[in-house]
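Some notes on the structure that comes next.
No lab work stands behind these numbers, since they all come straight from the coordinates. Fair warning: this is a prediction, and the values are worked out from it, not measured in the lab. All Cβ positions, even for glycine, are placed from backbone atoms using ideal geometry, and neighbour counts span all protein chains on display.
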Amino acid sequence: MSHSRDERRAELVLALVALVSVSVLGLITVFVFKEGLPAFREMGLWQFITGHRWSPSQNAFGIFPMLVGTFMVTLGALAIGMPLGLGCAVYMSEFSGPRSAALLKHMVELMAGIPSVVFGFVGLTVIVPFIRTYLGGPGFSVLASSIVLGFMILPTMVSVSYDALRAVPQAYRDNMLALGATTWQTVRMVVLPSAKSGILAAAILATGRAIGETMAVIMVAGNATAVPESVLDPVRTLTSNIALEMGYSAGLHRQALFATGIVLFVIVTLLNLIARAAIRGGSAK
């Protein structure tokens, strides 16, 4: 009887904790939409998203340059982080010994705990001067931001890809090796295709991580409110725009920043839904 009572208490406490967590998320969502929707009504959703000018002093709020900048930086980060992350995960899963894999896993987990400002500081003192000296331009650019974010998304890419690769049944590998295939042929022809949904989920989650990053990007991007014409041009992302201007905003300006947050919220939510669908698709197989 006492055991049953303890079970009910534990269940009640855990349900309460879950309810609090969901409630906090719900309140944040309601608050952001409540503050941001008036900007859409004032300016129009289409004008807000496609407008090329962001000038709070003139009540001009168009986030198109920031949208373009966000996607350019994110795509650049994925171009750097995906091959490195997937390659590391494949090595840990298929080629390294248990000790090497454990060491690499610990290092990746440690990398995930490094504050973003540290990545930004390294980018500011190493990557930006390198680009300025050898490639031209101010150094603060799409390229600098992409390199910094490319390394920041590595823990997500490596961890999720590694789990997806290890989830492939060992029998698949053994059967290919028994047929005379090499380890690399086995990886390329069996393991990677079998884990593709998990790898896709890793890429989508890494995309969400890159889109949501703020501090490191502020330090190396240049933060110009213009559409970048090359990877060497300065750029401002959506998250950077909010962080830079929220402290002194008021009225329509503040509402426009919250509206930018709504756009980010929708983008990240869609990415997470796609990732979940990819994971479920892989599990169904």
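Largest GNM mean-square fluctuation among THR207, THR29, THR237, using the chain with Cα springs under 10 Å: THR29. Computed extension gain for ASN272 through ALA250, at 0.36 nm per residue and net of the alpha carbon distance, reaches 4.8 nm. Spatial offset of the range 196-263 relative to the range 97-175 amounts to 19 Å, using the alpha carbon center of each. Residues within the reach of a label modelled at GLU35 (point 7 angstrom out along Cα to beta-carbon, backbone nitrogen below 17 Å), restricted to the range 230-253, are 238-253.
Among ILE204, ILE63, ILE28, the residue with the largest mean-square fluctuation in a Gaussian network model of the chain, with springs joining Cα atoms closer than 10 Å, is ILE28. Based on Cα atoms of the range 97-229, Rg over Rh with Rh as the Kirkwood radius reads 1.11. Around PRO65, under 13 Å between beta carbons, what's the net of Lys plus Arg minus Asp minus Glu among the other residues? Computed value for this residue: 0. The label-point distance for ALA79 and HIS52, in a model that sets each label 7 Å from Cα toward Cβ, rounds to 2.3 nm.
Counting only Cα atoms, the size of the range 27-156 along its three principal axes is 60, 44, 22 Å, in decreasing order.
A cut-off of 5 Å between modelled amide H atoms, ignoring neighbours fewer than 5 places along the same chain, links ALA60 with SER55. I need the Kirkwood Rh of the chain: take the reciprocal of the average 1/r across all distinct C-alpha pairs and report it in angstrom. Hydrodynamic radius (Kirkwood, Cα pairs) of the chain is 21.4 Å. The order of the peptides 110-116, 120-126 by mean Cβ neighbours within 10 Å, most packed first, is 120-126, 110-116.
With the simple model of a label 7 Å out from the Cα in the direction of the Cβ, GLU42 to ALA181 spans 6.0 nm.
Across the range 225-239, coupling constants 3J(HN,Hα) worked out from phi with the 6.51/-1.76/1.60 Karplus curve, θ = phi - 60°, read 8, 9, 5, x, 9, 8, 6, 9, 8, x, 8, 10, 8, 4, 5 Hz, and Gly and Pro carry x.
A cut-off under 12 angstrom between Cβ atoms defines the neighbours of GLN47, and their net charge, with Lys, Arg +1 and Asp, Glu -1, is +1. In the chain, helices alone account for a calculated mean residue ellipticity at 222 nm of -23500 deg cm²/dmol, with every DSSP H run of four or more residues adding -39,500 (n - 2.57). Here the 3J(HN,Hα) profile of the range 147-160, calculated from phi with Karplus coefficients 6.51, -1.76 and 1.60 at θ = phi - 60°, is 5, 4, 5, x, 7, 6, 8, 4, x, 5, 5, 5, 4, 5 Hz, Gly and Pro shown as x.
The slack between VAL126 and ASP6, meaning 0.36 nm per residue of separation minus the straight C-alpha distance, is 37.5 nm.
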